[in-house]
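Beneath this line is the structure, given in structure tokens, with notes to follow.
A short reminder: the numbers here are calculations on the coordinates, not readings from a lab. Please read these numbers as outputs of a predicted model, since none were measured by experiment. Reconstructed Cβ throughout: ideal geometry from the backbone, glycine too, with neighbour counts over all protein chains shown.
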Amino acid sequence: MFPTIDKRSTGIQLRKMMDERGLTVKDIQKYLCLGSVQSVYHWLNGISLPTVDNLYALSELFQTPVDEMLCGNRHPFCSGKKKSQYKRLWAYYDKRNDSSAA
């Protein structure tokens, strides 16, 4: 299956990260120097996704990798389970990819 990003789940994830840090939509707008808050609301409602530049800036603001902000059909971090539960699975996946590349 081709990996895709789930805009709605990503919006939920972004909202969760904002709430954890006590940030408002207006704070995000100011940080990214956006003309209005509408773009941020579109991200949070799953209508659109931030640009790569905005994702990069948000990763700095949230102090988290871009991968942890995005939710898709291959990424377990947005499922609500802890990353440690996937440690063995990812190790196995990486090992299989390394052996198949050789």
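The stretch between Y92 and E20 holds 22.8 nm of extra length on full extension. This uses 0.36 nm per residue minus the Cα-Cα distance.
How high is the FRET efficiency from Y56 to I5, r the C-beta distance, R0 22 Å, rounded to 0.05?
Working: r = 15 Å, r/R0 = 0.69.
Step by step, r from the Cβ atoms, then E = 0.90.
Each peptide in 48-56, 10-18, 30-38 receives the mean, over its residues, of other Cβ atoms within 10 Å, and ordering these scores from highest gives 10-18, 48-56, 30-38.
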